[in-house]
Amino acid sequence: QVQLVESGGGLVQAGGSLRLSCAGSGRTFSRIGMGWFRQAPGKEREFVAAISWSTGNTNYRDSVKGRFTISRDNAKNTGYLHMNNLKPEDTAVYYCAAGASRQKLVDGSIDYWGQGTQVTVSS
């Protein structure tokens with residue numbers, strides 16, 4: 001069993017930055033993928049980024065490439081989403097997720113979800 005707890009959301013102006021954290025507990029992340037999804041009001045949840053916990057290889061949705069960076073700290077069992085140059089269309093609840101691999105997350109196969117953290121970008 002894995003528990004995921006997000007933090008770091010908030011209100012920021014367009015062009016600003018935020019860092020989301022996802023603290024994992026319950027088992028080692030050494031053989032899984034960790035990622036971030038988001039859901040805006042009235043829209044379906046969508047993939048944002050994923051990272052292989054062992055290799056550090058990453059995937060991103062096109063609209064966040066060059067602005068968002070996913071990373072992890074193995075010693076702290078914590079993943080991060082660094083978000084720069086935020087836009088109003090990035091406003092959503094952001095969810096941390098864990099799955100059997102980075103590719104599984106990209107494909108939407110999620111084993112564990114966090115509770116979500118709100119990110120609001122004002123124009």
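Just one of (1) free of Cβ contacts under 8 Å to residues at least 60 places away in the same chain; (2) more than 11 Å from Ala50 (Cα to Cα) trips up Asn84, so point out which.
Going through (1) free of Cβ contacts under 8 Å to residues at least 60 places away in the same chain; (2) more than 11 Å from Ala50 (Cα to Cα) one by one, Asn84 breaks only (1).
How many residues does the range 56-72 contain that are free of Cβ contacts under 8 Å to residues at least 24 places away in the same chain and farther than 17 Å from Pro88 by Cα?
Total meeting the criteria: 4.
Under the condition of being surrounded by 14 or more Cβ atoms within 10 Å (Cβ to Cβ) and β-branched (Val, Ile, Thr), which residue from the range 2-46 is farthest from Trp113 (Cα to Cα)?
This residue is Val12.
If I filter the range 47-78 down to residues being of a type in the set (Gly, Ala, Ser) and at pLDDT below 95, which single residue comes out as most open to solvent (accessible area, probe 1.4 Å)?
Ala75
In the range 105-123, which residue that is among the small types (Gly, Ala, Ser), in contact (Cβ under 8 Å) with a residue 24 or more places away in the chain and assigned to a loop (DSSP other than H, G, I, E, B) is most open to solvent (accessible area, probe 1.4 Å)?
That would be Ser123.
The values are calculated or read from the model by the stated rules, or taken from the named source; none is laboratory data. Computed from a predicted structure; not experimentally measured. Note: ideal-geometry Cβ built from the backbone for every residue, glycine included; neighbour counts use all protein chains shown. Surface accessibility is based on the protein's heavy atoms, side chains included, excluding ligands, DNA and RNA. Shrake-Rupley method; radii C 1.70, N 1.55, O 1.52, S 1.80 Å.
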